[in-house]
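Working notes, beginning with the structure itself.
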Amino acid sequence: MVDPLAEVVMLLQPAARFSKQVVGAGAWRARRSNAGEPFYCAVLEGSCRLRPEGGEDIVLHAGDFVLVPASHGFTMSSLDAPADVADAPPLALGDGSFRVGAAQGPTDLRIMAGHCRFGSPDAALLVSLLPRLLHVPGEPRLATLVRLLGDESREDRLAREVVLARLLEVLLIEALRCSAGTGVAPGLVRALSDARLAAAIRAIHARPAHGWTVDALAKQAALSRSAFFERFNRVMGMPPMEYLLAWRMALAKDLLRRENLGLAEVAHRVGYGSASTFSVAFARHLGCPPSQYARRYSSATTAEEASVIDAIEPSTDGGRAQA
């Protein structure tokens, strides 16, 4: 069976940047700004408070896990931190771990926190399908995965990067599926927890080249056309044909980057009858023809150079063209 959640995570191409252990004592507050990097945190002992930029406080206890797929800034603090406590960066202890709050004495908090990056140039699109913040209380499997990530990131072992990438994929999938049905914001996780909508989404992922219409997808979901359209738009956060187009374009860009295929073959695989109709749709969605996109990626020597291509050539219509 096709698993849309796993497909999205693997297409994101997560890669570890760093993971660290932080201990705390007394009253403290630390602020970070991370320019959209994914942030994750597992509380191993004690409790603390996290406030994402523009969001409400979240109290975290031992066993809790938090994932922010695109963290632009957040504040972490002790539960009893007064309003006037000074912000202070964590103090490096010399063994790869850090300390916040009182510099001496026993600690009352231990967390594992880290940042990763998404190698896919489609990261912004794919992240938009996920909740802005995931808080999974009391799930020890996630803390175990974070520990493994931390251990692997500190050692220079064979196949280290491959292991880190696979661990991150498992961590993200586990966090996302643990949060299904827990009142998360509109997006893919919430839609997949709805059995009717999940049937339609799985059909799209199983046969992206099929000539899907709203009527055909409504039949997959066993709903009337109007009920399906309203429900999909509300739960996913976008209309069904917009999601279909977004997924087709994500697949097309991946094929253009990774496979030595002609435009006609790429067009066929993502549901277009000819290279010309695919080229028009692609250019409308991305802002440049697919042949130009493929040439620029083939000349890019690093993932960072490649990611610049999408940054300077964003979708001209917000991904709302007809599929």
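Structural remarks
- Å² of accessible area per residue within the chain, as computed with a 1.4 Å probe and no ligands counted: 47 Å²
- Dipole of the chain, positive direction: furthest Cα of Leu197, Ala15, Ser33, with charges on the beta-carbon: Leu197
- Gain on full extension, evaluated as 0.36 nm per residue between Ser291 and Asp80 minus their Cα-Cα distance, stands at 70.2 nm.
- For Asp3, the accessible area of its heavy atoms, probed at 1.4 Å with every protein chain present, is near 80 square angstrom.
- Averaging 1/r over every pair of different alpha carbons in segment 105-244 and inverting the result gives a Kirkwood radius of 17.4 Å.
- Where a label projected 7 Å from the Cα of Arg141 along Cα→Cβ would reach, residues of segment 39-56 with amide N under 20 Å: 40-44
- Nearest-ten-degree value, helix 160-179 long axis tilted from longest Cα axis of the chain: 90 degrees
- Degrees, to the nearest 10: 225-236 long Cα axis against longest axis of the chain: 30 degrees
- The P(r) of the chain has a tail past 38 Å containing 22 percent of all C-alpha pairs.
- Relative to the longest principal axis of the Cα atoms of the chain, helix 303-312 runs at roughly 60 degrees.
- Accessible area per residue (1.4 Å probe, heavy atoms of protein chains only) ranks Ser128, Ser279 as Ser128, Ser279, with the largest value leading.
- Estimated FRET transfer efficiency when R0 is 25 angstrom, pair Asn260-Thr213 (beta carbons, to 0.05): 0.20
- Carbon and sulfur %, accessible surface of the chain computed with the full protein complex present, 1.4 Å: 53 percent
The values are calculated or read from the model by the stated rules, or taken from the named source; none is laboratory data. Note that the coordinates shown come from a computational prediction; the quantities given were computed from them, not determined experimentally. Please note: Cβ atoms are built from the backbone with ideal geometry, for glycine as well, and neighbour counts cover all protein chains shown. With ligands, DNA and RNA removed, areas are computed over all heavy atoms of the protein, side chains included. Shrake-Rupley method; radii C 1.70, N 1.55, O 1.52, S 1.80 Å.
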